[in-house]
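One structure is given below, encoded as structure tokens.
The values are calculated or read from the model by the stated rules, or taken from the named source; none is laboratory data. Just so it is clear, the model here is predicted, and its values are computed rather than measured. No Cβ is skipped: glycine too gets one built from the backbone with ideal geometry, and neighbour counts run over all protein chains shown. All accessible areas refer to the heavy atoms of the entire protein, side chains included, with ligands and DNA or RNA removed. Shrake-Rupley method; radii C 1.70, N 1.55, O 1.52, S 1.80 Å.
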Amino acid sequence: MTTDETSQFVRLRVELVVEVENVEAVTGAALRRIADDPDMPDDERVHAESAVTEDTAEALAYLIDPFDLVGEVPGVELAQASWSSEGIDYDPDSSEWGLDEDDDGEDDEEVGRG
């Protein structure tokens, strides 16, 4: 079989650090997204509204959709996604925050390993 005849699964790792400049805007947008979700059961909706109101990181997680990252990439279909968010202490001048470093010590180039 050629590559054209088979699917290839690729794990894409993305780590973002964002600065929330307007907590109310993020929380409000998350609450609107929750309110607009017709498939969310009422008990889950109450829990979600409470979570995003109490925690900005939770609000941001409700607004980020991994499908948006690859949804319009030709020839790609999202097979699985998971994501989380958490508040952190961030110092952009610290050497601990180098974007070129891999936290788990693995080589970033995993394509072609068998």
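Here are some notes:
- Around GLN80: net Lys/Arg minus Asp/Glu count, Cβ-Cβ under 15 Å: 0
- Over the stretch 33-97, accessible surface divided per residue gives 80 Å², non-protein components excluded, 1.4 Å probe.
- With a cut-off of 13 Å between beta carbons, the residues surrounding VAL52 carry a summed charge of -4, where Lys and Arg count +1 and Asp and Glu -1.
- Protein heavy-atom surface of the stretch 1-84, 1.4 angstrom probe: 49% of the accessible area is carbon and sulfur, with nucleic acids and ligands not counted.
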